[in-house]
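After the structure tokens below, expect a handful of questions from me.
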Amino acid sequence: MTRFLGLTEKMMGMDDRAWERHVNPWSGWSRLSILPLFAVAVWSRHWIGWWAVVAIAAVLLWTWLNPRLFKPPASTENWMSKGVLGERIWLQRSGDPALAHHATVVRALIVTSSAGAIVMLIGLALTNLPLTISGLAVTMLSKLWLLDRMVWVYTEADTARTPR
């Protein structure tokens, strides 16, 4: 599962500079728009025909641009920044025995999120609104829960670094 996350990090070209900017809570919160925008862009094929490809390309561009658009934050003392920092820690140290107690939950949330995405894609392919919305809801709620887990990872890692 961590390999999957690492692969998405590589596909996005997330270097140190992009991560510094992505920690900005504006980046994290605005990133939540991606899946709903993607669903609308795909669904728009029924309204605008082949022009939907332009809408889908715009969403993909937004996906890539988002972590690069915002300045590094003045403070990371907020839930979203801590979640993004936790993601980075998880990607770098998921094999760390000190973080092992998170692995089962992280794995379950990634599987649940992936299952929701598959349901959403089936709903989009079949133009089935209940399937699309259900899949989107499961995916987004799983992602938010995973982000909350990453806040926990960050907090534990930060506590381990802080001298007592």
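Please go through segment 100-144 and pick out each residue that is of a type in the set (D, E, K, R) and touching a Ser or Thr at 6+ places or on another chain (Cβ under 8 Å).
If the condition is that a residue be of a type in the set (D, E, K, R) and touching a Ser or Thr at 6+ places or on another chain (Cβ under 8 Å), then Lys143 is the only one that fits.
While we're on this one: For Thr63, all conditions in the list (1) under 20 Å from Gly116 (Cα atoms); (2) at pLDDT 95 or above hold save one; what is the number of the exception?
Every listed condition holds for Thr63 apart from (2).
Quick one: which residue in Leu144, Leu109, Leu121 is closer than 30 Å to His46 by Cβ, modelled with pLDDT of 95 or more and surrounded by 16 or more Cβ atoms within 10 Å (Cβ to Cβ)?
Just a single option satisfies the conditions, and that option is Leu121.
If you don't mind, another one. Is there any pair with a first residue in segment 21-35 that is of a type in the set (Phe, Trp, Tyr) and a second that is at pLDDT 95 or above whose Cβ atoms are under 6 Å apart and which are 6 or more apart or on different chains, and what are they?
Trp29/Met80
If you take the residues of segment 78-96 that are in a loop (DSSP other than H, G, I, E, B) and at pLDDT below 95, which of them is surrounded by the fewest Cβ atoms within 10 Å (Cβ to Cβ)?
Going through the qualifying residues, I end up with Gly95.
Follow-up question, since we're still on this one. Of the residues Leu99, Leu144, which is under 22 Å from Ser33 (Cα atoms) and part of a helix (DSSP H, G or I)?
One residue alone meets the criteria, Leu144.
A further question on this structure: Here's a check for you: in segment 76-113, which residue that is closer than 26 Å to Trp26 by Cα and free of Cβ contacts under 8 Å to residues at least 12 places away in the same chain is farthest from the chain's Cα centre (by Cα)?
Result: Glu77.
The values are calculated or read from the model by the stated rules, or taken from the named source; none is laboratory data. Note that this is a predicted model, so its numbers are computed, not measured. For neighbour counting, all protein chains shown are included, and Cβ atoms are generated from backbone atoms with ideal geometry for every residue, glycine included.
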